[in-house]
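K.L.:
If you scroll down you'll find the structure; I have some questions about it.
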Amino acid sequence: MSPFLQTAIEAALAAQKVIQRYYRQEIPVELKEDRSPVTIADVETEKTIRGVISGAFPAHGFYGEETGHSGGSAPYTWLIDPIDGTKSFVRQYPFFSTQIGLMHNEELVLGVSNAPEFEEMAYGEKGQGAFLSGKPVRVSGVEAFADATLSVGNIQTLAAGQGWDGLARIVRQVNRTRGYGDFYHYHLLASGRIDLVIESDVNILDIAALAVIVREAGGVFTDLEGRALTLDTTSVLAAATPALHARALESLAG
């Protein structure tokens, strides 16, 4: 385990203490310009994560959901969503997590995804494999829609455009369809328990860490047009195998 990963896990565990202090408490909720909620728990959690990481790597850049982007010229940039799933957090159900990713130049090289209420932490580092609750995990070998379980999330933009027809073609052919959402369907994908994830209306902070974990587990992770992830990515097509990914990409394209 590299010093980078050790620090990311330390930051995630420190964040967990803050989150658990506020969860199920009656705390004020504010709305940001994009109408998404933010609470004191989000802000304090990000501050805690930033303190741990900056203490270990003061020259690194930092891109946080609540504090924005700093150190833009640094070769290493940490991508942080302190509480991914704030809507779940404030409604007091457990589909939220802390996402900590690391980008070297333009390549995502590390990811930690910690879900306190699930008591479940996933992590991966380039070339080192993926782990869930301390045990190595691997995607399934499913290649055909007929054998695949699909999970969908945040599909509002798909519903408004041509992608809706493509999604319908996939839904008609897969074995099962679910909507686990947020971090959880990526943990399931990385550990071989589902096979395909389609999601829109995301940002890179939601998925940076999860992309590394899925890839290190052997999966394929792109946007809905098959492109590599960038800071501007807003959608996901993630699959257990290249064959399943290619089939889904073809169906979405019509």
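K.L.:
In contact with a strand residue (DSSP E or B) (Cβ under 6 Å, 6 or more places away or on another chain) and closer than 24 Å to Met103 by Cβ: does that describe Asp223?
P.N.:
yes
K.L.:
Now for a different question. Could you tell me how many of the residues in the range 48-84 are in a strand (DSSP E or B), open to solvent by 50 Å² or more (accessible area, probe 1.4 Å) and not hydroxyl-bearing (Ser, Thr, Tyr)?
P.N.:
1
K.L.:
Right, next: Restricting to the range 67-88, name every residue that is touching a helix residue (DSSP H, G or I) at 6+ places or on another chain (Cβ under 7 Å) and closer than 16 Å to Ala12 by Cβ.
P.N.:
Within the range 67-88, Trp78, Leu79, Ile80, Asp81, Pro82, Ile83, Asp84 meet the criteria.
K.L.:
Residues in the range 213-254 that are within 19 Å of the chain's Cα centre (by Cα) and open to solvent by 60 Å² or more (accessible area, probe 1.4 Å): how many?
P.N.:
Residues in the range 213-254 being within 19 Å of the chain's Cα centre (by Cα) and open to solvent by 60 Å² or more (accessible area, probe 1.4 Å): 8 in total.
K.L.:
Can you find a residue that is among the basic types (Lys, Arg), closer than 22 Å to Val112 by Cβ, out of contact with any Lys or Arg (no Cβ under 9 Å at 6 or more places or on another chain) and open to solvent by 10 Å² or more (accessible area, probe 1.4 Å) anywhere in the range 151-172?
P.N.:
no
K.L.:
Go through the residues of the range 108-118 one by one and say whether even a single one is free of Cβ contacts under 8 Å to residues at least 40 places away in the same chain, among the small types (Gly, Ala, Ser) and either open to solvent by less than 20 Å² (accessible area, probe 1.4 Å) or closer than 18 Å to Pro3 by Cβ (or both).
P.N.:
Taking every residue of the range 108-118 in turn, none turns out to be free of Cβ contacts under 8 Å to residues at least 40 places away in the same chain, among the small types (Gly, Ala, Ser) and either open to solvent by less than 20 Å² (accessible area, probe 1.4 Å) or closer than 18 Å to Pro3 by Cβ (or both).
K.L.:
Here are some conditions: (1) under 22 Å from Glu125 (Cβ atoms); (2) within 12 Å of the chain's Cα centre (by Cα); (3) crowded, with 24+ Cβ neighbours inside 10 Å. Glu199 meets all but one. Which one does it not meet?
P.N.:
(1)
K.L.:
Can you tell me which residues in the range 122-147 are of a type in the set (Asp, Glu) and open to solvent by less than 40 Å² (accessible area, probe 1.4 Å)?
P.N.:
Matches in the range 122-147: Glu125 only.
The values are calculated or read from the model by the stated rules, or taken from the named source; none is laboratory data. The model shown is predicted, which means the values in this text are computed figures rather than measured ones. Cβ sites come from the backbone with ideal geometry, for glycine too, and all protein chains shown count toward neighbours. Remember, those area values only see protein heavy atoms, side chains included, never the ligands or the DNA or RNA. Shrake-Rupley method; radii C 1.70, N 1.55, O 1.52, S 1.80 Å.
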